[in-house]
Each structure stands twice: as C-alpha cells, then as structure tokens.
Amino acid sequence: MFRSYLLLGCILLLATGLPAHAAGKKAAARPYVETSYLVAPRQVGEFELEDASFDPGQKYSGAGFRYALKDHQEIRFDVYVYPAGRMPQANAVEAGMAAFREDLKHAVAAGSYTQLQELQDNDFPLQTGAPRATPANDIDAAVIKAQADAGQITGRKLQLRMNLQPRDWPMYSSGYLFYKQLYYFKLRASAAQERIPQAAFDALADRAARELIPAVQVTNIGDCANATITLSPDAAPEAGAVAMIQQLTVHQGYNCHASTDKAGLPAPGADSEMVRISYTADEWKSQ
C-alpha cells in the first residue's frame, strides 16, 4: 500500500506525463533540440520591449531583447538568450560566468571599457511563485521539498563599474546569468553614474532580473521531450519517490515537447516577439 497520495502521484506522473522510447527500436536521428522558440512579451509589468535582434547566421549567439522601464529613460535592460545544453544548473552557471568574464576581458582589450571593477559576485535566486502543497506526513514533506529544490532557478549577479569609451563615461553596470530551459539567460543593465544614484540603479536592475527573466521563455521541440528516469532498484519507496520527483521536475524545466501542437505556443500577434531557431541532428544531438 502506498503511504501517501503524493507518493502515488509521483508514480502516476511518471507513467502518464512523459513520452518514452519504444523498447527494442532504434531511435530516429532526431535532434535533441530540433527547434527552439524564444518568446519575449512586449509588456512585462512596467517594462516595455523596445527592440529584438537575431542573426540567423550566428544562431549560437541566440537572440537579444531590449526593455525600457517607464519613467526611467536613463537605463536600459538587455536580455540575451542563447543555447547552453543539458547539464546540472550549478555547472551551467559556473561555465556561463567564466565565459561572461572572458567577454569582459575581451571588451577591455578592445578598448570598449577602461577601469573595469568587479564589486560583487553573488547568488541570485528567482522566486518560483508556485505555492507549496501542505504535507500530510514526513514523506509528503520530503517530496514537496525535493520538487521545490529541483525547480528553483538560482543564477549569479555580477556588479560592476567601468568607464565607457570613447567618451570615458563612468558607468554603473550589473550582469545577471541564469540557466533555464536548456538556454542561458543573461541580463545586462547599465547607466551613467551622473544620471542615477548607485542604490537606485541596483534596485532597478534587481527588479528587472526578477521580472524579465521569468517572463521571457524558451520552448523546445525535439527528442528532448523524451525523458529517462533512473531509480535504484534497492531504494525504499520513499527515496524512490524523492529521486523520481527531482528528475521529473528537472526535465519539465527543459520545457521540451514532441511537436509544436503540444507546446502551447502563443499565437503570433502584438503581445510578444518570437524568435525561431532550428538545429540539425549534427548540431544538437544529446545536449
């Protein structure tokens, strides 16, 4: 007998919520990600989309979305969305931050920035917004916690100062990097120091990250819709339920679907900007 309804729910989710490969048949050479749809709302609270950019010849650089905030013309917020691959979130953020710092070094070497200072480098968790269920017992509590932990998106915030060339303008700047939906989401905010106090700039930049990063979405189509859940045959049912919900939650976070019909994409219109990126089987196989 199952000891909790949540434990039973985990089993049912696994049985009904995920596509599976047919046993004994060789999988077709379909890309792990065949197509990605990058969707940026035109309005996110008081943030308004000003511009979107994408070069099909540089698709691994992804797309950029520039937002403005009402009554704050001194600052713009750029959200860059580009492919990362399948990996643990902590590994993705570590690799992404290393690449971010390399980009800053290149900018200094090219003469775009001078007097670059790194002020802070901190974790930056996003609020999920989903209410937690009330546990009926210890098993329920463990499953609920495992699901919340696996679904938590925590990125990094890099607080900077530099002088922008060629006019040598002293600038405040912050960069935020997150990993979700198999992509990197990087937000850059910058403003001239003479136009805004440091505390006000920091508050607006944090607000932009908390509102814009959850709002901009990537929907993936491809073989990534299939999931493999690995459980130890020796694990107790409770431990198996925790492992199952962790892996299921991570996979659901990839936002992968077998077809556009099942993806629930927004209809083309004035409410959002959509960028479509296609991959071949050789370009994106398993990660």
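The values are calculated or read from the model by the stated rules, or taken from the named source; none is laboratory data. The structure presented is a predicted model; accordingly, all values stated were derived computationally and were not measured. Note that each Cβ is placed from the backbone with ideal geometry, even for glycine, and that neighbours are counted across all protein chains shown. Heads up: the accessible areas ignore ligands, DNA and RNA and are worked out on the full protein's heavy atoms, side chains in. Shrake-Rupley method; radii C 1.70, N 1.55, O 1.52, S 1.80 Å.
Observations on the structure shown:
- Residue-normalised accessible area of the chain, expressed per residue, 1.4 Å probe, Å²: 54 Å²
- Hits among aspartates and glutamates - C-alpha to C-alpha of residue 59 under 15 Å, sequence gap 8 or more where chains match: 34, 282, 283
- Three-way shape label, the stretch 183-267, alpha-carbon gyration tensor, a/c 1.5: oblate
- Range in the chain, longest, excluding exposed trypsin sites (Lys or Arg not before Pro) [loop by DSSP; at most 10 other beta-carbon atoms within 10 Å]: 168-287
- Across the chain, Cα pairs under 8 Å and at least six residues apart give a relative contact order of 30 percent.
- When the surface is traced with a 1.4 Å probe over the full set of protein chains, residue 61 keeps roughly 80 Å² accessible.
- Using alpha-carbon coordinates, inclination of helix 89-109 to the longest axis of the chain, degrees: 20 degrees
- Here the accessible area is traced with a 1.4 Å probe on the protein chains. For the stretch 116-250, carbon and sulfur cover 50 percent of it.
- When each of 186/262; 105/180; 157/180 is checked by Cα-Cα distance, pairs over 18 Å: 186/262; 105/180
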